[in-house]
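K.L.:
Attaching a single structure in structure tokens format; questions to follow.
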Amino acid sequence: MQCSARRQADGNAFDLFGVALTSDAIRKVHILKVLLSAFACEPNRGSEFAVGWNWAVSLARAGHDVVVLTRSEARPAIERELASTINRPRFAYFDVPRPLRWQRRGPLHVHALLWQWLAVGFARELHCRENFDCVHHVTYAGLRIPSFMGKLGIRFIFGPVGGGERAPWRLRKGYSAMTSALEMVRDGANLMVRFSPFMTSTFERAHRIYVTSTETLRLVPARYRDKTHVELAIGIDGHETIPPDAAARRGPAMDSFRILYAGRFVDYKGMHLGLCAFALVAKADPRARLTMVGEGPSKDRWLRLAQSLGVEAQIEWIPWQSGDAMDRLYAQHHVLLFPALHDTGGLVALEAMRHGLPVVCLKLGGPATIVDDRCGHVIDTTGKGVTEVVKELGQALRMLSRDAVRLPLAEGARARIRNFSWDRKVAKLYGSAV
């Protein structure tokens, strides 16, 4: 096998960041040499990109020798961030040939599938040079996108991946026609997972499979479930919490019950239910306030809903905020309302809990894995329609307006957040998976 690294003729390079170890390098027994497959990986960027980056730096911080295989598109941002990073992963950059780069002309997930297919050849060359102990696929973190890294013939970790979460039919009332159609397409794609030869190959070759929820677990064929475990794809840096006195110093005195929503303004985030629940709170307490942080295509419809409910004067709508600004917003609110109908993760819930905000969510997807009755209220949606779920959300919020109920849950939130640090996640997966 030809093992030398190549440079593409069109100038779109893939090369190894840093100096490769020699074949006779001495490695400590507890250190693993890991190839991290991260199609999306970029610092200071959200969603999948943050997942890839956090896996990379957390593995390196734990002492593992990490080479991250990703795209050169993120290279400038990665190298700027690495300049101030102590425990640095190394990076290998691979791009598909220019004529096949569909991300500018079509769905990025289609391009991701092609990248996964073509990147295996370059990964083999890296393995020839580096002699990895294992390969770990982390992004895209979706069960509908296969990985072909199992072809390297070394231990292969797939995930955590999600996407099997499904919005209950009864609770889709309030969706736009477009969202309803897209949700049906998504449902159909999930049904095809167990019949996909690409996914079957991925499951077959994986030594361990991690999924983000029990809903996604059910999509994994039964014969592979003995090596499948539930684990969130997201985490939070460190495990430090914001003490109540620090939060109080940053925020103004709160003379009214303040509820926060932060996230995309899209139907599956469930705020057609959340706004109705807030209306029940506002009816009982006219001084109650709701802050909506974010942007998205559902904003106009949610504004009209708020007007029809007569609560528009009690809601503040603000755009995306920086990290420091979000810290101030958390300090100015009592509770996070996050009624997502299908959400693989729910990073905002982790951030809110770090600041001592109890979370009200639905027993669906990632948030239901994060939140329990010691740090918030989780509404079971089984067999329930919109009216019943809205009523229960409203009741949960009203209960949390009372200090005697909320303050113990705030302390519970600060305690529970320690279970979701990136360092603990790496120790958990790499203590049992490899």
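Read the figures in this text as sums done on the coordinates, not as results from a lab. Since the model is a prediction, treat every value here as computed from it, not as a measurement. Glycine also receives a Cβ, built like all others from the backbone with ideal geometry; neighbour counts cover every protein chain displayed.
K.L.:
So what's the angle, to the nearest 10 degrees on a 0 to 90 scale, between helix 422-432 and the longest Cα principal axis of the chain?
P.N.:
It is inclined by approximately 50 degrees.
K.L.:
Right, here's the next one. Evaluate the relative contact order of the chain (contact order divided by residue number), counting alpha-carbon pairs under 8 angstrom at least 6 apart; express in whole percent.
P.N.:
Numbers: 801 pairs, mean separation 61.1, N = 434.
Across the chain, relative contact order equals 14 percent.
K.L.:
Let me ask something else about it. Counting other beta carbons within 10 Å of each residue's own, what order do Cys128, Cys361 fall into, fewest first? Could the numbers behind the result be given before it?
P.N.:
Details: Cys128 14, Cys361 27.
Ascending Cβ contact count within 10 Å gives the list Cys128, Cys361.
K.L.:
Give me, ordered by chain and number, the residues 5 or more places off Gly270 or on other chains with an amide H under 5 Å from its own placed amide H.
P.N.:
The list, which skips near neighbours in sequence, is Leu341.
K.L.:
Would you mind counting up the charge near Arg223? Only other residues with Cβ under 12 Å from its Cβ, with Lys and Arg at +1 and Asp and Glu at -1. Please report the intermediate quantities before stating the final value.
P.N.:
On the way: positive: Arg194, Arg225, Lys227; negative: Glu204, Asp226.
It works out to a net charge of +1.
K.L.:
Please report Tyr268, Tyr224 as a ranked list, fewest other C-beta atoms within 10 angstrom at the top and most at the bottom. Provide the component values of the computation, followed by the final result.
P.N.:
Details: Tyr268 22, Tyr224 17.
By the 10 Å Cβ count, ascending, the order reads Tyr224, Tyr268.
K.L.:
Could you calculate, for the chain, the ratio of the Cα radius of gyration to the Kirkwood radius, expressed as Rg to Rh?
P.N.:
On the way: Rg = 22.7 Å, Rh = 23.0 Å.
With Rh from the inverse mean 1/r over Cα pairs, Rg/Rh is 0.99.
K.L.:
Near the amide H of Arg155, under 5 Å away, which other amide H atoms are found, from residues 5 or more places off or on another chain, if H is placed in the peptide plane?
P.N.:
Amide H neighbours of Arg155, under 5 Å, 5+ apart: Val135.
K.L.:
I'd like the Karplus ³J(HN,Hα) series for the stretch 226-233: coefficients 6.51, -1.76, 1.60, θ = phi - 60°, whole numbers in Hz, and an x wherever there's a Gly or Pro.
P.N.:
Values, residue by residue: 5, 10, 10, 9, 8, 7, 5, 7 Hz.
K.L.:
Further question: Do the alpha carbons of any pairs in Lys363/Lys425; Lys227/Lys269; Lys299/Lys363; Lys173/Lys363 sit beyond 27 Å of each other, and which pairs? Mind showing how you got there, number by number?
P.N.:
Values: Lys363/Lys425 22 Å; Lys227/Lys269 31 Å; Lys299/Lys363 24 Å; Lys173/Lys363 18 Å.
Check vs 27 Å cut-off fails for Lys227/Lys269.
K.L.:
Another question about this same structure. For a quick check, take a GNM of the chain with Cα springs below 10 Å and name the residue from Leu337, Leu171, Leu143 with the largest mean-square fluctuation.
P.N.:
Checking each option, the largest mean-square fluctuation is seen for Leu171.
K.L.:
May I pose another question? Sum up the charges of everything whose Cβ sits under 11 Å from the Cβ of Asp372, counting Lys and Arg as +1 and Asp and Glu as -1, but leave Asp372 out.
P.N.:
+2
K.L.:
Right, here's the next one. At 10 °C and 1.306 mPa s, what whole-number value in µm²/s does Stokes-Einstein give for the translational diffusion of the stretch 28-96, with Rh from the Kirkwood sum over Cα pairs? Walk me through the numbers on the way to the answer.
P.N.:
Details: Rh = 12.0 Å.
D, rounded to a whole number, is 133 µm²/s.
K.L.:
Would you mind estimating how fast the stretch 244-418 diffuses translationally, via Stokes-Einstein at 10 °C and 1.306 mPa s with the Kirkwood radius over Cα pairs, in µm²/s? Kindly include the intermediate steps, with their values, before the conclusion.
P.N.:
Details: Rh = 15.8 Å.
Estimated via Stokes-Einstein, D reaches 100 µm²/s.
K.L.:
Among Tyr175, Tyr261, Tyr430, what is the fewest-to-most ranking by other Cβ atoms within 10 Å? Display every interim value, and only then the final one.
P.N.:
Details: Tyr175 20, Tyr261 24, Tyr430 17.
By the 10 Å Cβ count, ascending: Tyr430, Tyr175, Tyr261.
K.L.:
Scan the chain and hand back the longest stretch that contains none of the trypsin sites (Lys or Arg not before Pro) lying in DSSP loops with at most 14 other Cβ atoms within 10 Å.
P.N.:
On the way: sites that count: Arg6, Arg7, Arg27, Lys28, Arg45, Arg105, Lys173, Arg218, Arg287, Lys363, Arg374, Arg402.
Answer - 288-362.
K.L.:
Same structure again: Which residues' amide hydrogens lie under 5 Å from the amide hydrogen of Leu69, considering only partners 5 or more residues apart or on another chain, with H built in the peptide plane?
P.N.:
HN-HN under 5 Å from Leu69: Leu36, Ser37, Ala38, Ala92.
K.L.:
Bin by bin, in steps of 10 Å, what percent of the Cα pairs in the stretch 36-171 do you find, going until the bin that has the longest distance?
P.N.:
Percent of pairs per bin, in order: 12, 43, 34, 9, 2, 0.
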